[in-house]
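Heads up, the thing below is written out as C-alpha coordinates.
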Amino acid sequence: MDEYFTLGHAERVLDADHNKPAQDSFYLAHHALYKESASTPLRVVFDGSMKTTSGVSLNDQLLVGPTIHLPLNNVLIRFRKHPYVLTTDVSKNYRAVTLTPEDRDFHRFLWRKTDTEPVVDYRMTRVTFGITSAAFLATNSLGCLARENESELPLAAKAVKRSFYVDDGLPSVETKQEAIPPHQ
(Lines give C-alpha, C1' and ligand atoms only; values in the text may rest on other atoms or scores of the structure.)
Protein backbone atom coordinates (compact mmCIF):
# COMPACT_ATOMS: atom_id res chain seq x y z
CA MET A 1 0.00 0.00 0.00
CA ASP A 2 2.93 2.32 0.61
CA GLU A 3 3.54 2.53 -3.15
CA TYR A 4 0.10 4.15 -3.60
CA PHE A 5 1.32 7.06 -1.51
CA THR A 6 4.94 7.23 -2.70
CA LEU A 7 3.95 7.01 -6.38
CA GLY A 8 1.18 9.59 -5.97
CA HIS A 9 -1.62 7.11 -6.71
CA ALA A 10 -3.44 8.18 -3.55
CA GLU A 11 -3.55 11.44 -1.65
CA ARG A 12 -4.69 12.49 1.77
CA VAL A 13 -8.10 14.17 1.91
CA LEU A 14 -7.62 17.73 3.11
CA ASP A 15 -9.61 18.99 6.08
CA ALA A 16 -11.42 21.49 3.85
CA ASP A 17 -12.70 18.62 1.68
CA HIS A 18 -14.38 16.90 4.64
CA ASN A 19 -17.19 19.46 4.50
CA LYS A 20 -18.47 18.30 1.11
CA PRO A 21 -22.07 17.04 0.97
CA ALA A 22 -22.35 13.25 1.38
CA GLN A 23 -23.60 12.82 -2.21
CA ASP A 24 -20.32 14.32 -3.48
CA SER A 25 -18.09 11.56 -2.10
CA PHE A 26 -17.93 7.79 -1.68
CA TYR A 27 -15.82 5.54 0.53
CA LEU A 28 -14.57 2.30 -1.00
CA ALA A 29 -14.41 -0.85 1.07
CA HIS A 30 -11.11 -2.68 0.81
CA HIS A 31 -9.24 -5.64 2.25
CA ALA A 32 -5.77 -7.15 2.18
CA LEU A 33 -4.91 -10.02 -0.09
CA TYR A 34 -1.81 -12.00 0.87
CA LYS A 35 -0.04 -13.98 -1.83
CA GLU A 36 3.26 -15.83 -1.86
CA SER A 37 5.11 -13.46 -4.17
CA ALA A 38 8.50 -11.84 -4.06
CA SER A 39 7.33 -8.70 -5.86
CA THR A 40 4.01 -7.96 -4.13
CA PRO A 41 3.18 -10.25 -1.19
CA LEU A 42 0.42 -7.92 0.06
CA ARG A 43 -2.11 -6.26 -2.21
CA VAL A 44 -4.99 -4.03 -1.29
CA VAL A 45 -8.21 -4.99 -3.07
CA PHE A 46 -10.88 -2.31 -3.43
CA ASP A 47 -14.52 -3.35 -3.67
CA GLY A 48 -16.51 -0.96 -5.83
CA SER A 49 -19.49 -3.36 -5.73
CA MET A 50 -20.03 -3.23 -1.97
CA LYS A 51 -23.33 -1.53 -1.24
CA THR A 52 -23.67 1.25 1.32
CA THR A 53 -26.46 1.56 3.85
CA SER A 54 -28.53 3.14 1.06
CA GLY A 55 -28.27 -0.14 -0.89
CA VAL A 56 -26.16 1.42 -3.69
CA SER A 57 -22.54 0.79 -4.62
CA LEU A 58 -20.13 2.97 -6.58
CA ASN A 59 -20.23 0.43 -9.42
CA ASP A 60 -24.02 0.75 -9.52
CA GLN A 61 -23.54 4.42 -10.40
CA LEU A 62 -20.81 4.03 -13.04
CA LEU A 63 -21.10 3.11 -16.69
CA VAL A 64 -19.06 0.06 -17.68
CA GLY A 65 -18.20 1.41 -21.11
CA PRO A 66 -18.15 -0.65 -24.29
CA THR A 67 -15.71 -3.47 -24.92
CA ILE A 68 -13.10 -1.79 -27.12
CA HIS A 69 -10.22 -4.24 -27.00
CA LEU A 70 -9.80 -6.71 -29.83
CA PRO A 71 -11.14 -10.23 -29.42
CA LEU A 72 -8.43 -12.47 -27.96
CA ASN A 73 -8.65 -14.89 -30.91
CA ASN A 74 -7.76 -12.09 -33.35
CA VAL A 75 -4.71 -11.12 -31.30
CA LEU A 76 -3.55 -14.73 -30.94
CA ILE A 77 -3.95 -15.50 -34.65
CA ARG A 78 -1.88 -12.42 -35.54
CA PHE A 79 0.67 -13.41 -32.88
CA ARG A 80 1.23 -16.76 -34.62
CA LYS A 81 1.35 -15.27 -38.13
CA HIS A 82 5.09 -14.43 -38.29
CA PRO A 83 8.16 -16.33 -37.08
CA TYR A 84 9.42 -13.71 -34.60
CA VAL A 85 7.21 -12.88 -31.66
CA LEU A 86 7.42 -10.26 -28.95
CA THR A 87 5.52 -9.96 -25.71
CA THR A 88 4.97 -7.03 -23.41
CA ASP A 89 2.78 -6.06 -20.50
CA VAL A 90 1.79 -2.54 -19.49
CA SER A 91 2.90 -2.37 -15.87
CA LYS A 92 0.27 -1.09 -13.44
CA ASN A 93 -2.03 -0.45 -16.39
CA TYR A 94 -5.03 0.87 -14.46
CA ARG A 95 -2.91 3.05 -12.22
CA ALA A 96 -1.32 4.71 -15.25
CA VAL A 97 -4.63 6.52 -15.83
CA THR A 98 -5.20 9.64 -13.74
CA LEU A 99 -8.64 10.40 -12.29
CA THR A 100 -9.88 13.93 -12.82
CA PRO A 101 -9.76 15.93 -9.57
CA GLU A 102 -13.55 16.23 -9.46
CA ASP A 103 -13.91 12.40 -9.53
CA ARG A 104 -11.35 11.58 -6.84
CA ASP A 105 -13.71 12.08 -3.91
CA PHE A 106 -15.78 9.14 -5.20
CA HIS A 107 -12.71 6.95 -4.65
CA ARG A 108 -12.04 7.68 -1.00
CA PHE A 109 -10.90 5.09 1.52
CA LEU A 110 -9.85 4.96 5.15
CA TRP A 111 -6.34 3.82 6.03
CA ARG A 112 -3.84 3.54 8.82
CA LYS A 113 -0.41 2.00 8.57
CA THR A 114 -0.45 0.37 12.00
CA ASP A 115 -3.22 -0.37 14.46
CA THR A 116 -1.87 2.29 16.83
CA GLU A 117 -2.06 5.15 14.32
CA PRO A 118 -5.25 7.15 13.76
CA VAL A 119 -7.47 6.35 10.78
CA VAL A 120 -6.91 8.83 7.95
CA ASP A 121 -9.04 9.67 4.91
CA TYR A 122 -7.39 9.18 1.51
CA ARG A 123 -8.60 9.21 -2.07
CA MET A 124 -7.24 7.52 -5.15
CA THR A 125 -5.77 9.77 -7.82
CA ARG A 126 -5.61 6.93 -10.36
CA VAL A 127 -8.09 4.46 -11.80
CA THR A 128 -8.71 1.74 -9.26
CA PHE A 129 -8.88 -1.97 -9.99
CA GLY A 130 -12.28 -3.13 -8.74
CA ILE A 131 -14.19 -0.24 -10.30
CA THR A 132 -16.55 -1.30 -13.08
CA SER A 133 -15.27 1.26 -15.60
CA ALA A 134 -11.56 0.56 -14.99
CA ALA A 135 -11.03 -1.81 -17.93
CA PHE A 136 -12.62 0.56 -20.41
CA LEU A 137 -10.72 3.59 -19.09
CA ALA A 138 -7.34 1.85 -19.22
CA THR A 139 -7.89 0.27 -22.65
CA ASN A 140 -9.24 3.51 -24.11
CA SER A 141 -6.26 5.46 -22.75
CA LEU A 142 -3.82 3.05 -24.40
CA GLY A 143 -5.67 3.45 -27.71
CA CYS A 144 -5.60 7.25 -27.39
CA LEU A 145 -1.83 7.16 -26.83
CA ALA A 146 -1.41 5.06 -29.97
CA ARG A 147 -3.49 7.47 -32.06
CA GLU A 148 -1.79 10.59 -30.65
CA ASN A 149 1.70 9.21 -31.38
CA GLU A 150 1.02 7.44 -34.66
CA SER A 151 2.99 9.85 -36.86
CA GLU A 152 6.05 9.76 -34.60
CA LEU A 153 5.92 6.05 -33.68
CA PRO A 154 3.99 4.28 -36.45
CA LEU A 155 5.17 0.74 -35.66
CA ALA A 156 4.39 1.09 -31.96
CA ALA A 157 0.96 2.55 -32.73
CA LYS A 158 0.23 -0.31 -35.13
CA ALA A 159 1.27 -2.86 -32.49
CA VAL A 160 -0.99 -1.28 -29.88
CA LYS A 161 -3.95 -1.09 -32.27
CA ARG A 162 -3.62 -4.61 -33.70
CA SER A 163 -1.72 -6.73 -31.20
CA PHE A 164 -2.90 -5.81 -27.72
CA TYR A 165 -5.40 -7.63 -25.56
CA VAL A 166 -6.15 -5.23 -22.70
CA ASP A 167 -2.62 -4.61 -21.31
CA ASP A 168 -0.80 -7.52 -22.97
CA GLY A 169 1.03 -6.85 -26.22
CA LEU A 170 1.59 -9.84 -28.52
CA PRO A 171 2.96 -8.63 -31.86
CA SER A 172 4.87 -10.79 -34.33
CA VAL A 173 7.16 -9.77 -37.19
CA GLU A 174 8.65 -11.34 -40.28
CA THR A 175 12.34 -10.64 -39.59
CA LYS A 176 14.68 -10.33 -36.65
CA GLN A 177 15.53 -6.77 -37.74
CA GLU A 178 11.88 -5.72 -37.38
CA ALA A 179 11.92 -6.95 -33.80
CA ILE A 180 14.88 -4.76 -32.84
CA PRO A 181 13.93 -1.13 -32.18
CA PRO A 182 15.90 1.48 -34.15
CA HIS A 183 18.49 3.50 -32.24
CA GLN A 184 17.53 7.11 -31.77
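The values are calculated or read from the model by the stated rules, or taken from the named source; none is laboratory data. A quick note: this is a predicted structure, and the numbers were derived from the prediction, not measured. Ideal geometry is used to build each Cβ from the backbone, glycine not excepted, and the neighbour counts take in all protein chains shown.
The rows are residues; the columns are (1) within 30 Å of ILE180 (Cβ to Cβ); (2) part of a loop (DSSP other than H, G, I, E, B); (3) over 16 Å from the mean Cα position of the chain (by Cα).
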site: TYR4; (1), (2), (3): no, no, no
site: GLY8; (1), (2), (3): no, yes, no
site: HIS18; (1), (2), (3): no, no, yes
site: VAL56; (1), (2), (3): no, yes, yes
site: LEU76; (1), (2), (3): yes, no, yes
site: PHE109; (1), (2), (3): no, no, yes
site: GLU117; (1), (2), (3): no, yes, yes
Could you go through the range 89-96 and let me know if any residue there is exposed (fewer than 14 other Cβ atoms within 10 Å of the Cβ) and either among the small types (Gly, Ala, Ser) or at pLDDT below 95 (or both). yes
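So that you can scan it fast, the table gives a plain yes or no per residue for (1) touching a residue at least 12 places away in the same chain (Cβ under 8 Å); (2) closer than 20 Å to PRO171 by Cβ; (3) assigned to a loop (DSSP other than H, G, I, E, B); (4) of a type in the set (Gly, Ala, Ser):
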position: ASP105; (1), (2), (3), (4): yes, no, no, no
position: TYR122; (1), (2), (3), (4): yes, no, no, no
position: PHE129; (1), (2), (3), (4): yes, no, yes, no
position: THR139; (1), (2), (3), (4): yes, yes, no, no
position: LEU142; (1), (2), (3), (4): yes, yes, no, no
Checked the range 166-184 for anything in contact (Cβ under 8 Å) with a residue 24 or more places away in the chain and out of contact with any His (no Cβ under 6 Å at 6 or more places or on another chain); matches are ASP167, ASP168, GLY169, LEU170, PRO171, THR175, LYS176, GLU178, ALA179
